[in-house]
Structure formats: C-alpha cells, structure tokens
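See below for the structure under consideration.
The values are calculated or read from the model by the stated rules, or taken from the named source; none is laboratory data. On a predicted model such as this, the values are computed, not experimentally measured, just so you know. Glycine gets a Cβ as well: all are built from the backbone with ideal geometry, and neighbour counts include every protein chain shown. Side chains included, ligands, DNA and RNA excluded: accessible areas come from the protein's heavy atoms. Shrake-Rupley method; radii C 1.70, N 1.55, O 1.52, S 1.80 Å.
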Amino acid sequence: PLVREPLLEELARLETRHWDAGPTFPGAESGEVAPITSPQDLTHEVGTRRDATAEEIDAAIARAQAIQPGWNALGGEKRALLLEAAADAFEAHTPEFLSLCQREAGKTLVDGVLEVREAVDFLRYYAGEARRLFAAPIPLPGPTGEENRLSLAGRGVFATISPWNFPLAIFIGPAAAALAAGNTVIAKPAEQTPLIAALAARLCHEAGIPEEVFQLLPGGSEVGQLITSDPRIAGVAFTGSTQTAQAINRSLAAREGPIATLVAETGGQNAMIVDSSALPEQVTRDVVNSAFQSAGQRCSALRVLYLQDDIADEMLRMIKGGFEALEIGDPAELDTDVGPVIDEDARSQLERHIARRKKEGRPVWRRKLPKGTGKGCFVAPTIIEIASIKDLRRENFGPVLHVARFPAHELERVIRDINSVGFGLTLGLHSRIAETRRTVERLARIGNLYVNRNQIGAVVESQPFGGEGLSGTGPKAGGPHYVLRFATERVVCIDTTAAGGNASLLA
Ligand code: UN1
C-alpha cells in the first residue's frame, strides 16, 4: 500500500528512529561499536553497529554447521514456503526499509522502492527455484534393471558478503539462493549498511527461518577475513570490488579442507555505443539515467559513452541539457534525482579522479552542488571527455560519465578496446541498424547487452544479471543457473533386477 501521503507520514515518523545491528547471537559483547551516519548528513546518527568477535564467528559457524543437514532435509517445498513468508514480511515492512535506504544508504525514494521490489522478487524467485530443483530427485535414463536418479543438496555453510550499494536486495538475494539450495548462511553485510541487513534478517526469523540457519555477523574486512579463512565454510557469495573478490579467492585457496565455491559479482567499466541511426531523445534519457541514477553507484552504471563522431556534438549538447536538469540533494526530498555517494572515501577518490583528468587538459563539465549539501558526501555530477576507455585505469563508482568519439568505420576497434579492459558486465547500444547489433553481439565480451534502452535496473528472472572476466564468476543472479552454484549433486544408482534385489537383501 504505497499510497503517497500515508507513506510520507510514515517516513517522517521513522526519521528519528535509532536502529541497531549486531551478531544474531550476541556472545561476549566485546566487539567494537561504531556509529552509522547518513551519507547526506554526517552529523545524523541512524544507529549503531556492533562487530562480531572472533569467538562469535567461530560459534556461529559451528551452529550453522550443526543445523545444516536438518535444513537440507526439510526439502525444497518447505524451504520455498519459508522464503515466501519472508517476502511477505518484507513487503509489509516497506516503509522501514525505505527509511533505512534513505538514511543509512543515501538512496532516493525511487531507488528505495526499486530496492525493496528487487529484494522481494529475489526471495520469491529463489523460492520457486527451491521447488523446481530441490523438491524431488531428477530421474536419469539407464538400461532396464537399473534405476538412476540425481538429487541436489546444499553444500554446507555458505558465507554471503554483500555490498552497500544494494544493501537490501543484494544482501538478501545471494542468501536466499543459498538457503533455497539447502545451505545454512552466515551473512556479513557491508560495514556501511548493517542496519537494513539486521532488519531483513530479523524479518526472515520472524517469518520462520530458524536463527541458526541464517545468521548475521556485522563487521568490516577483518570479520570477512575470519569468515572466509575458516575451513568449515563451503562457499562464499560475494558482491563488491574485483580486488576484494581476488583477496577472498586467495583466502579460500589458502585454507586446509574442502575446496570452496566462490560466486563473485564485481565491478565493471561499462560502455554504451551510440551511432548516427539512434534516436537522440531516447539516447539522452537513457544516458542520463544509466550514468546518474543511484548517483552512478551501480556496478551496471554507464561509465564510458562512445558517440559516433558526426552526431557527437549535437548528442552531447542534448545530454548536457538532461544533465543540467538533474535535481541534486537530500534523498529525503521527493524530487531528488542524485543523492550523495556512500562515504568520505568514495567522495575523495572520485574528486581525485576528476582533478587528474582536468590536469591532463580533458574537457570537464560539472554541476554545481546546491546549498545544504555541505554536511554530506556529495559529488557534483560530472561529464569528462576522453579519447578511449583505455585511458581509464579503474572503475569510478559515482556520478561521473566519460565520453569518447569514434568514426563509424571503427566500430570493431571500439568493441576491441572495450573488451581489452578486462571487465565484462553491461554494454549499451543505441542503433537501429541490424548489422551493427549483430556485430556487437558477436564481438563484445559482456554479461548483459542492452539495446535501445537504459543499461541499469536488471529485473529478476527477465534479465538475469552478471558479468565475466574481472566482473565476476557468474552464473547470473536471478537466472535459472544461479542456484546450482550453491548446490552439490548426488547420483543414486540402484540395480533393480532380481540379482540386485537379492544382493541387497543379503547385505
Ligand atoms: C551492483 O551494482 O552491485 O542492473 C549490481 C542493475 C543492478 C546492478 C546490481 N542489478 O542495475
């Protein structure tokens, strides 16, 4: 019931609520306590986080391991019902989630609404996957007198390490997949956004998922390291930077014990190619949306726009028009398009990047920050002209769009340059020439190609999402192969002839 006035009243009421996040089973209570402040106003404390201690992590993994066979034995249908009950609880608590999206993560109301929707979609989708894949064994062919079947089971204890940019959807998505498959879950949310994760975990427990099955362990990278170096962890589902994914991969490889599964969803250097057959108004809308919605803090966001040179000046003029119209400011204001970036580190890194490009003599356009943004981590939306995607060394996670030009006959060179950076997440294409689309489809090494539309906001089930290379391991979140990464396969082969039957009687 997202009716405007009651919702706004509810959000105003929640404005002063103080939240807490700590480990699901508090032990020694000796972990460090840190305040969580709003990215748009660093003087506003939203709540506090208490980090899990080494003893709590150890005990949590032991509990998760002890209960995992029982959770697995419950079967796909019962696990699906519990995940669906959690989805209902999430929907019923939409205002609290929206309030936390705004205050803890600096998200606009539109982004918050999309975030809650995606979280609910993930829970329902993976519930469906639990039914489809884990409710009954799959019969396999074989000669007469032999019965073969394959069944799927959880791998054990899965750790999920989730990002601050989708503090609810990507906190719950991988966890729901792991739970659907029959794993128990140790969840470490991003250190910037544990409060929304704590609410999500509590609602899952109230919906009937046992606390031992889904445990929250807040903390920073030390907590993450203690979890991933523990040999009792069967797998890790991580979303965040490529560097952290590589560090987790090393930590898993260095452990004794079983070989762990890593499901990683990491960064991108996402491009969009626009040729002279594109519709300019559509391009303008899609570029501004893909680059600046969520303040550019999506791994899917557009970073490098390639404009065919004969339309580039006119296109750029229109894009700057859309860019000038963006409302920047407090995410609590309904008409805000671009809120803050997540923290001071993110802000200063982006400012350094922009300053370096200016020093190199690149053309740079920046919006002015409005009054009232001084207390928070705001970065003025920026457009920078560059020569090639190869001029960029790293992902710039914020409201910064780079623009390069290309002559029509160099389309294949542009695609090769995009491939050469090693990421492979999203690619946008605006063209009404079928041959161009075929060329891009054939040559581009990317996970998600978006043609004549924006390139963010993948919808669960309709657009399974994820990349390759430096962008992650796959398979795609919200797609039909994802849950399989969280499962182990068992094949049972039975001799059903008289001899086989007699043999088993004798045994
Ligand atoms: C991320 O930003 O970590 O398509 C990935 C989208 C989102 C991206 C999520 N699903 O915009």
Working out 0.36 nm times the residue gap between Asp310 and Arg453, then minus their Cα-Cα distance, what length gain in nm do you get to one decimal? 49.4 nm
Log10 I(q)/I(0) at q = 0.12, 0.19, 0.22, 0.24 Å⁻¹ for the stretch 296-413, from Debye over equal alpha-carbon scatterers, is -0.46, -1.09, -1.38, -1.54
P(r) over all Cα-Cα pairs of the stretch 391-459, 5 Å bins from 0 to the longest distance, whole percent per bin, short to long, reads 3, 13, 25, 29, 21, 8, 2
The chain - share of DSSP beta bridges that are antiparallel (%, nearest 5): 35 percent
Residues whose placed amide H lies under 5 Å from that of Gly472, excluding near-sequence neighbours: Thr266
The helix 109-134 Cα axis meets the longest alpha-carbon principal axis of the chain at an angle in degrees, between 0 and 90 and rounded to 10, of 30 degrees
Note: probe point = Cα of Ser30 + 7 Å toward Cβ; backbone nitrogen < 15 Å; residues of the stretch 42-84 passing the test are 51-59
Residues whose built amide H sits under 5 Å from the amide H of Val236, excluding neighbours closer than 5 in sequence, are Ala159, Thr261, Leu262, Val263
Span from the the stretch 150-213 Cα centroid across to the the stretch 303-364 one, whole angstrom: 34 Å
At 1.4 Å probe size, what's the solvent-accessible area of His93? Round to the nearest 10 Å². 50 Å²
Tell me, what % of the accessible area of the chain is carbon and sulfur with a 1.4 angstrom probe? 53 percent
Apply the Karplus curve 6.51 cos²θ - 1.76 cosθ + 1.60, θ = phi - 60°, to the phi angles in the stretch 289-303 and return the couplings in whole Hz, x for Gly and Pro. 5, 5, 8, 10, 5, 6, 6, x, 9, 10, 6, 7, 4, 6, 10
Among DSSP beta bridges whose residues both lie in the stretch 249-393, state the antiparallel percentage, nearest 5. 40 percent
Taking the Cα centre of the stretch 389-507 as origin and charging only Cβ (+1 Lys, Arg; -1 Asp, Glu), how large is the dipole, in debye to the nearest 20? 420 debye
Can you find, among Gln308, Pro231, Ala86, the residue farthest towards the positive end of the dipole of the chain? Put +1 on the C-beta of Lys and Arg, -1 on that of Asp and Glu. Gln308
Hey, what do the phi angles of the stretch 229-243 turn into as Karplus ³J(HN,Hα) couplings, whole Hz, using 6.51/-1.76/1.60 and θ = phi - 60°, x for Gly and Pro? 8, 7, x, 7, 7, 7, x, 10, 10, 10, 10, x, 6, 4, 4
Computed over the stretch 61-210, the ratio Rg/Rh where both radii use C-alpha atoms and Rh is Kirkwood: 1.06
Give the Rg (one decimal place) followed by the Dmax (whole number) of the stretch 184-296, computed from C-alpha coordinates and expressed in Å. 19.3, 57
Size descriptor, Kirkwood hydrodynamic radius, that averages inverse alpha-carbon separations across the stretch 46-116, Å: 15.2 Å
Just to check I understand the Karplus step: with θ = phi - 60° and J = 6.51 cos²θ - 1.76 cosθ + 1.60, what whole-Hz values come out for the stretch 258-273, glycine and proline as x? x, 6, 8, 8, 10, 10, 10, 10, 10, x, x, 10, 7, 10, 9, 10
Work out the FRET efficiency for Leu326 and Ala408 from their Cβ-Cβ distance, taking R0 = 25 Å, and round it to the nearest 0.05. 0.25
Between the helical axis of 309-324 and the dominant principal axis of the chain, each derived from Cα atoms, what acute angle in degrees is found, rounded to the nearest 10? 80 degrees
What GluC sites (Glu not before Pro) in the stretch 243-286 are in a loop by DSSP, with at most 11 other Cβ atoms within 10 Å of the Cβ? Glu256
Would you mind listing how long the chain runs along its three principal axes, going by Cα atoms, in whole Å with the largest first? 84, 55, 46
SASA check, Arg347, accessible area w/ 1.4 Å probe, all protein chains in place, rounded to nearest 10 Å², comes out at 60 Å²
Report the accessible area of Val364, computed with a 1.4 Å probe over the heavy atoms of all protein chains in place, in Å² rounded to the nearest 10. 40 Å²
Hand me the tally of lysine pairs in the chain: alpha carbons under 19 angstrom apart, and the pair either on different chains or 8 or more positions apart. 7
Separation between the Ala387 and Lys368 pseudo-spin-labels, each 7 Å from Cα along Cα→Cβ, expressed in nm? 3.4 nm
Which sequence of Lys188, Lys371 reflects their accessible areas, 1.4 Å probe, from the largest down? Lys371, Lys188
For the Cα atoms of the chain, what angle does the longest principal axis make with the long axis of helix 344-359, in degrees from 0 to 90, nearest 10? 40 degrees
Nearest-5 percent of antiparallel DSSP beta bridges in the stretch 1-76? 65 percent
Mean shadow area of the stretch 414-507 over all directions, Cα convex hull, nm²: 10.5 nm²
Could you give the length gained by full extension between Glu489 and Glu15, i.e. 0.36 nm per residue of separation minus their alpha carbon distance, to one decimal place? 165.8 nm
What FRET efficiency comes out for the pair Gln349/Asn148, r = Cβ-Cβ distance, R0 = 56 Å, nearest 0.05? 0.55
